[in-house]
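Structure first, commentary second.
The values are calculated or read from the model by the stated rules, or taken from the named source; none is laboratory data. The structure presented is a predicted model; accordingly, all values stated were derived computationally and were not measured. Glycine gets a Cβ as well: all are built from the backbone with ideal geometry, and neighbour counts include every protein chain shown. Accessible surface areas use protein heavy atoms only, side chains included; no ligands, DNA or RNA. Shrake-Rupley method; radii C 1.70, N 1.55, O 1.52, S 1.80 Å.
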Amino acid sequence: MSQTPAPGSSLETFTAAVETMDRRLRVIDDRSLEAFWAWEAYDEEGVRFGLLRTTEEVADAAIEIAGRRADAGAAPSRTQRILGRYLVAWRELWSTADRADAVIDAAPAEEEWPLRTILDHLVEADLGFLVTIRNGLTQRRAGVAAPTQIKSDEAWMALAEVKEDPWRAAFAGSLDDMRAFHRLARDRILDRLAGMTDLELAETSPFWDGEHPNRFRLGRFESHVRQHTIQTEKAVQATVGAPREVERLLRLLARATGDVEAAALGADPEIVAGVLAPMVAVFETRTDELVRATEALADPG
């Protein structure tokens, strides 16, 4: 069974609504956060509170999905929990990188990587982790007691399920191109690995570092993304400057969105839809309201 949301699913529609809010409000200046917007009795913090309230609701949706799964006796597996942490890290990485399309090739300092190089390395590593685990799993599922490392570049690409030309084209393009490629890689990782059993987590897969349990290797997805999110943050700040308040707020929203994706990983689609579907129209309407509020502040006449 696929571990990623089907096209048009409630999770995909929900995340699209959140991403649209991010896209439309990321361009505003911090002064626009003061534009008037009210939610019930909360009428003093303006558009800023609109983003904070949305983040609260998204975070609570993750809690509700987890609660309903527990009530149904369908809690996530250990594998799904580990990969859920990767989903949160993935969202924070791209929220951090999203500031810097105009300076993607600017080196932050002598002998330091520009953002394009950081992201290219990171995605290649994600695919490498996937290949390493799949290689070990495939052999063990075929009855091989001591799996061997990948024998060729062709075998590596086959287990990664990527083609060289589209990969290179994506990383010669814009941040949007790279993000889209990384999203496909992320979803492939979930589909191919989220069904691993606890026994398979304890088994080892060979890599350049020797034999380590798959549980360790799964944890590297999150850890490595976190490491290079810090590097990305430093590179972006050196070339663009400190993040604006609106960008800091949107990173909180991205983190909460990752929490929802983590909670929904492997969940019954009906549980996910029951929580998320009613929120989509609310967020779409709110995005329009927040954008209009900022426009009215910019042009009071």
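Could you work out the local net charge near residue 174, counting Lys and Arg as +1, Asp and Glu as -1, over the other residues with Cβ closer than 12 Å to its Cβ?
Net charge around residue 174: -3.
Quote to one decimal, in nm, the extra length available between residue 169 and residue 16 on full extension: 0.36 nm per residue of separation minus the C-alpha distance between them.
Between residue 169 and residue 16, full extension yields an extra 52.6 nm.
Expressed as an acute angle from 0 to 90° and rounded to the nearest 10, what is the orientation of the C-alpha long axis of helix 269-298 relative to the principal long axis of the chain?
Here the helix axis deviates by roughly 40 degrees.
Given the options 94, 208, 167, which has the most mean-square fluctuation in a GNM of the chain, springs set between C-alpha atoms less than 10 angstrom apart?
Per the Cα network of the chain with a 10 Å cutoff, 208 tops the list.
List every residue whose amide H lies under 5 Å from the amide H of residue 37, counting only residues 5 or more places away in sequence or on a different chain, with H placed 1.01 Å from N in the peptide plane.
Under 5 Å from the amide H of residue 37: 46, 47.
[x] 141; [y] 116; [z] 169: which one is volume of the Cα convex hull per residue in Å³ as calculated from this entry?
[x]
For the stretch 122-188, what ratio Rg/Rh do Cα atoms give with a Kirkwood hydrodynamic radius?
Ratio of gyration radius to Kirkwood radius: 1.05.
Based on the alpha-carbon gyration tensor of the stretch 162-245 and its eigenvalue square roots a ≥ b ≥ c, which shape applies: rounded if a/c is under 1.5, prolate if not and a/b is larger than b/c, or oblate?
It comes out prolate by the Cα gyration axes.
Taking trypsin sites (Lys or Arg not before Pro) as candidate sites, keep only those in a DSSP loop with at most 11 other Cβ atoms within 10 Å, then name the longest stretch of the chain containing none of them. Intermediate values should be presented prior to the final figure.
Details: sites that count: 151, 163.
Answer from the scan: 1-150.
Distance between the C-alpha centers of the stretch 101-128 and the stretch 233-301? Whole Å please.
25
Would you rank 290, 252, 199 by solvent-accessible area, highest first, keeping every protein chain in place and using a 1.4 Å probe?
Numbers: 290 0, 252 75, 199 125 Å².
My answer, sorted largest first, is 199, 252, 290.
Rounded, prolate or oblate: which fits the stretch 29-143, taking a ≥ b ≥ c as square roots of the Cα gyration tensor eigenvalues, rounded meaning a/c under 1.5, else prolate when a/b beats b/c?
The shape class here is oblate.
Which order do 230, 65 take by accessible area at a 1.4 Å probe, largest first?
Solvent-accessible surface, decreasing: 230, 65.
For the stretch 15-74, what is the accessible area per residue in Å² when the probe is 1.4 Å? List each step's numbers first, then the result.
Details: 3140 Å² over 60 residues.
For the stretch 15-74, the per-residue accessible area is 52 Å².
Residue by residue through the stretch 187-204, what is 3J(HN,Hα) from phi via Karplus (6.51 cos²θ - 1.76 cosθ + 1.60, θ = phi - 60°)? Round to whole Hz and write x for glycine and proline.
5, 5, 4, 5, 4, 7, 10, 5, x, 4, 7, 4, 5, 5, 4, 7, 6, 9
Using the Cα atoms of the stretch 208-301, I'd like the radius of gyration and the largest Cα-Cα distance, Dmax, both in angstrom.
19.6, 68
Quick one: helix 115-141 against the long Cα principal axis of the chain, what's the angle to the nearest 10°, folded into 0 to 90?
40
Relative to the longest principal Cα axis of the chain, at what angle does helix 10-26 sit, 0 to 90 degrees, rounded to 10?
50
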